[in-house]
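The next block holds one structure in the form of structure tokens; read it before the comments.
The values are calculated or read from the model by the stated rules, or taken from the named source; none is laboratory data. Worth saying up front: this structure is predicted, and the values here are computed from it rather than measured. Heads up, the Cβs are rebuilt from the backbone with ideal geometry, glycines too, and the neighbour counts pull from every protein chain shown.
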Amino acid sequence: MAKTTAKAITEGKNFRRYKDGATEYPQWTDAIFQASWSHKCPTYVLRTPPCSGSCPSGHDIRGWLDIVRGMEKPAADQSWQQYAFARMTEANPFPSIMGRVCPAPCEQGCNRNMVEEHIGINSVEHFIGDWAIQNAAGFAAPAVETGKHVAVIGGGPAGLSAAYQLRKRGIAVTLFEANAELGGFMRYGIPGYRVPRDVLDSECKRIIDMGVTVKTDTRVGRDITIAQLEEQFDAVFWGVGTHKGRGLPVPGWEGTPNCVSGIAFLKAFNEGRLQAVTGRIIVVGGGDTSIDVASVARRLGHIKEVSAQDRIEHVIFGEAAHDVASAAKREGCETTLTSLFPVEKMMAAQREVDDAKREGIDIKGGVMPLEVLKGADGRAIGLKMCKCTMNGMVPEPQAGTEFIIEADLIVAAIGQKGDLEGLPELDNGNGFINADKTMRIPGRPKHFVGGDVVRPHLLTTAIGHGRIAAASIAEFLETGEISKRPKVDVHHWKLLNKLRETNLSPAEYDGQPTRGTSDAKFAVHNYEDRGANDIITHEDLFLGHFTHNPRRHRQEIHIGADEVIGNFTERLLPLDEKQAVDEAKRCMSCGLCFECDNCVVFCPQTAVSRVAKNERTTGRYVETDYSKCIGCHICADVCPTGFIQMGLGE
């Protein structure tokens, strides 16, 4: 091996910032650092944590976790649970439901993942939501009515979210729902062992109790026209959901009686009409809806058909209903779930996939349907399939891998679209309604929209659409215009609100010119709120501060294949109070001071100190004496949350 010389190592790689004889700094940035001091000083910068930035509903997650952990205190006459519930529901009025079923993109973005494992955000939300129901926590009616009146079409997560946010602003709401009960997909698409109906009823009721007028069994486009809505209301919000399933795009599907959509299957079950299934079932999908269909089928169990009237398609399409007594003697049904993607890459939540396997569902990944096979009577008897690979979102069949799965029922859970019958002027041609970033329908100034009918996604996404639309509607009704939405469009913690809450509001500005704000009473000195524009990442944190602290997992009831029939008990158990508090304490409060004292302890100039106790509150725990500060950066380096940034100031 050739010997490496010092010249070979350094040639072309060594760099001299200044040449011999140079006396001027080429840039002002280089002049900041001067031996043992710099012109920089600490600035306290609030930024949005990635949990909130990842939450489609816009939760102030850091805010209510800080309350649960005891860092941010409620008023003397309020429990921390009530305070956390109030903060939590500023953006999302369904904590008990979402704590159970949301796949929690907030947890995937959590900076704690860089230490060991994310915060169990859903589990803490679950605890607070259940506490609120058990303690009859409600929402106050608005103190002032605006005199404006909005029609909300659809009583699902988007519509109820919009109604809630509108009522908070004093805007009257009349809600039109085509079904007999409120809840939308939460009621008609998700089985009760995942969303208990008493929980759903409680979280819907507290919204209606704010003064929402409800008209159920009323379909817009049939019972009332768009023209009538425009005449009677100041604005209209469309949250009609996607209650029409997509069929398989293969020969033999169209018109075959025992080929149904997952949406229709779950609606029939959740309405109580579907009490049992028959024979062998194939569910084509791979997402959470397909898991729900397959899991419900396993729980219902198989009974032998006694007449053509009892056939499952008649029940699903609303022509008949199963007699509960006739379904008493049930046996396990053969349920196969197929996915274009390999099992480990399925869209469904991993917990749901694991449960499905335990319950005896045969999951086949990396396969695609080719043709529905029919018998002499025209009913499906099987599904021809083959192995496939995915090119992005497009499946590519593998020749020579064809096989057949026999079936008595084939369910397609591959997506859905809106049922816009009678509303052709809203349909974009694909069964959806277009929306701009303010959730207004282009070309229709009084009309706003949200939820799956814009883009099928998560329940929390629909809730976020309702929140944004309500803000847009309120601004439109007040000014006739709608402002641009913020870059980070979530519910932000505001220091000024906290100062007002704790009777520490800044003084009124007297209009006199001033140099700097260190001694001013009308401003919070060297504080900047960048929450609407910046999300703080783990690179800006001092991760070394955080020791290993394992997550508190909720207990789950796991059901085996031999005990699944008729078992509709809830599977996910809440944390107890101590567990919820301990889990919240794992939060790193990214982007906001959590009062660790590092900056006070490590400042070599004693320039950083705690704010006087009678002037202290969340976000205003420490201050800097700039006559002592030498700009050494140590306070910023040891700040665990990234709240301290170095910048020029006086």
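Brief remarks follow.
- Per the listing T461, T569, T514, the residue uniquely farther than 21 Å from I644 by Cβ, in the same structural domain as C639 (by TED's automatic domain parsing) and not basic (K, R) is T514.
- Single match in I291, I316 (criterion: modelled with pLDDT of 95 or more, more than 22 Å from L370 (Cβ to Cβ) and not charged (D, E, K, R)): I291
- Scan of segment 359-403 for residues that are assigned to a loop (DSSP other than H, G, I, E, B), under 27 Å from E331 (Cβ atoms) and either of a type outside the set (A, V, I, L, M) or not assigned by TED's automatic domain parsing to the domain that holds V284 (or both), ordered by number: E359, G360, G375, D377, G378, R379
- Subset of segment 532-588 that is under 23 Å from H491 (Cβ atoms) and of a type in the set (S, T, N, Q) - its residue that is surrounded by the fewest Cβ atoms within 10 Å (Cβ to Cβ): N533
- The set of residues in segment 404-429 that are part of a loop (DSSP other than H, G, I, E, B) and under 29 Å from K374 (Cβ atoms) comprises A407, D408, A413, I414, G415, D419, E421.
- Hits in segment 96-124 - residues which are touching a Ser or Thr at 6+ places or on another chain (Cβ under 8 Å) and either free of Cβ contacts under 8 Å to residues at least 40 places away in the same chain or within 22 Å of G287 (Cβ to Cβ) (or both): M98, G99, C102, P105, C106, Q108, G109
- Selection count, segment 383-422, where residues are on the phi > 0 side of the Ramachandran plot and touching a residue at least 12 places away in the same chain (Cβ under 8 Å): 2
- Within segment 133-175, tally of residues that are closer than 21 Å to T225 by Cα, among the hydrophobic types (A, V, I, L, M, F, W, C) and more than 21 Å from the chain's Cα centre (by Cα): 7
- Residue in segment 212-221 that is under 15 Å from D234 (Cα atoms), of a type in the set (D, E, K, R) and outside the structural domain of D355 (by TED's automatic domain parsing) present: no
- Lone qualifier among G516, G451, G431, G511 - being on the phi > 0 side of the Ramachandran plot, touching a Ser or Thr at 6+ places or on another chain (Cβ under 9 Å) and surrounded by fewer than 18 Cβ atoms within 10 Å (Cβ to Cβ): G431
- Checked against (1) surrounded by fewer than 16 Cβ atoms within 10 Å (Cβ to Cβ); (2) assigned to a loop (DSSP other than H, G, I, E, B), S609 passes all but condition (2).
- Matching option when the condition is in a helix (DSSP H, G or I) and either farther than 23 Å from A413 by Cα or out of contact with any helix residue (DSSP H, G or I) (no Cβ under 8 Å at 6 or more places or on another chain) (or both), among F476, F432, F448: F476
- Among the residues here, I133 qualifies as over 21 Å from E271 (Cα atoms) and of a type outside the set (G, A, S).
- Here the condition is being surrounded by 13 or more Cβ atoms within 10 Å (Cβ to Cβ), closer than 21 Å to T289 by Cα and at pLDDT 95 or above; of P397, P369, it holds for P369 alone.
Per-residue answers, yes or no, for (1) on the phi < 0 side of the Ramachandran plot; (2) of a type in the set (A, V, I, L, M, F, W, C); (3) in contact with an Asp or Glu (Cβ under 9 Å, 6 or more places away or on another chain); (4) surrounded by fewer than 19 Cβ atoms within 10 Å (Cβ to Cβ):
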site: E116; (1), (2), (3), (4): yes, no, no, yes
site: V124; (1), (2), (3), (4): yes, yes, yes, no
site: Q134; (1), (2), (3), (4): yes, no, no, yes
site: V144; (1), (2), (3), (4): yes, yes, no, yes
site: S161; (1), (2), (3), (4): yes, no, no, no
site: Q165; (1), (2), (3), (4): yes, no, no, no
site: G170; (1), (2), (3), (4): no, no, yes, yes
site: E177; (1), (2), (3), (4): yes, no, yes, no
site: G183; (1), (2), (3), (4): no, no, yes, no
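- Residue within segment 518-533 that is small (G, A, S) and under 15 Å from R47 (Cβ atoms) present: yes
- Number of positions in segment 68-84 that are of a type outside the set (D, E, K, R), surrounded by fewer than 24 Cβ atoms within 10 Å (Cβ to Cβ) and touching a residue at least 12 places away in the same chain (Cβ under 8 Å): 7
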